[in-house]
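Accompanying notes for the structure given below.
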Amino acid sequence: MNASFSVDVPDALVASYGKPDDAPGRAWLAALSGLVADFLDRWELRPDGPAGHGMASLVLPVIRADGMASVLKLQPAGEENAGVATGLRAWNGNGAVRLLDHDPDSSTQLLERLDATRPLSAVADDTTAMQILAELLARLVAVPAPKGLRHLADIATAMLDQVPRAVPHLRNPDEQRLVRTCASAVAELIDEPGDRLLHWDLHYDNILAGQREPWLAIDPEPLAGDPGFDLLPGVDNRWSEVVATGDVPRAVLRRFDVLTEVLALDRRRATGWTLGRVLQNALWDIEDGENALEPAQVAIATTLLRRHVLPSADYR
């Protein structure tokens with residue numbers, strides 16, 4: 001029925017998966033139109049508008065045989081999306097987009113359709129938007145993590161193993177010390193990594209308006225762990241607006257305090273795990289060849305450290 005269906009591959013996906021040294025990515029791009037056609041037939045779907053995309057996935061609006069408006073989401077199978085179906089099923093639509101069908105071999109998902117033209121980032125008032133994000137995140141992390149997901153304990157252990165090799169790549173000695181301080185904070189917490197179901201990437205653009213609920217989370221990278229590890233994407237939303245306040249520490253603490261209050265978290269512990277996210281971002285950047293930290297990450301980490309006296313930077 002859809003054998004002739006063709007997808008114009010967006011430039012963003014070509015940039016993500018079309019590199020000369022990424023043979024699996026290029027193979028996925030070449031097979032994408034056929035993959036879409038296969039799932040349109042298998043799940044009895046008909047296209048209902050032009051495809052959208054992010055940096056990592058193609059999203060096609062479709063109509064199911066029963067008339068339900070849905071979206072077909074395709075991206076290469078990998079570690080980042082291996083637990084998505086497990087997480088979405090555990091949430092079962094409570095605060096998150098509902099999973100309607102899933103193919104584990106290809107990681108293709110059929111999801112309820114939300115309003116992609118109305119992300120939470122379109123809410124101009126940051127106080128309102130942050131409250132919405134916090135309340136949604138509180139619902140998500142209230143769910144115990146199901147078995148089979150990646151665990152924060154393993155993520156944190158791997159990060160600490162990387163630190164001695166990674167830190168010398170930073171030019172600035174102050175930034176080297178900051179990364180070691182973040183690692184020390186993680187080392188203090190690693191024996192109690194938590195057991196909640198984390199989204200891992202809940203920022204304003206990963207929350208869309210819905211019909212059955214006003215706002216729903218999308219694009220999780222489910223992880224089992226401490227909710228404090230889930231705060232940083234909310235804290236550094238729309239960073240230019242934080243800078244524009246003229247008082248970055250005050251703006252950072254306002255966001256952090258809203259999140260920790262709504263989630264009922266111990267702020268000292270949440271600070272430690274937020275420093276863990278700064279550490280993770282730093283290690284990712286260093287791995288990508290950067291020799292300096294993102295200014296937003298430095299500002300958030302130093303602001304939180306000024307409030308809480310955490311373990312000294314003695315991590316090696």
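Only the coordinates and a few stated rules stand behind these numbers; no lab work does. For clarity, every value in this text was computed on a predicted model and none was experimentally measured. For neighbour counting, all protein chains shown are included, and Cβ atoms are generated from backbone atoms with ideal geometry for every residue, glycine included.
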- State whether the residues of the stretch 4-20 include one that is more than 22 Å from Asp105 (Cα to Cα) and among the hydroxyl-bearing types (Ser, Thr, Tyr). yes
- Note on the structure: The condition from (1) within 28 Å of Pro119 (Cβ to Cβ); (2) crowded, with 18+ Cβ neighbours inside 10 Å that Gly272 misses is numbered (1)
- Message: Which of the helices (runs of 4 or more DSSP H) found entirely inside the stretch 1-118 contain at least 3 residues meeting this: on the phi < 0 side of the Ramachandran plot and in contact with a helix residue (DSSP H, G or I) (Cβ under 9 Å, 6 or more places away or on another chain)?
- Response: 11-17, 23-42
- Query: Which number in (1) surrounded by fewer than 21 Cβ atoms within 10 Å (Cβ to Cβ); (2) part of a helix (DSSP H, G or I) marks the one condition that Ala292 misses?
  - Reply: (2)
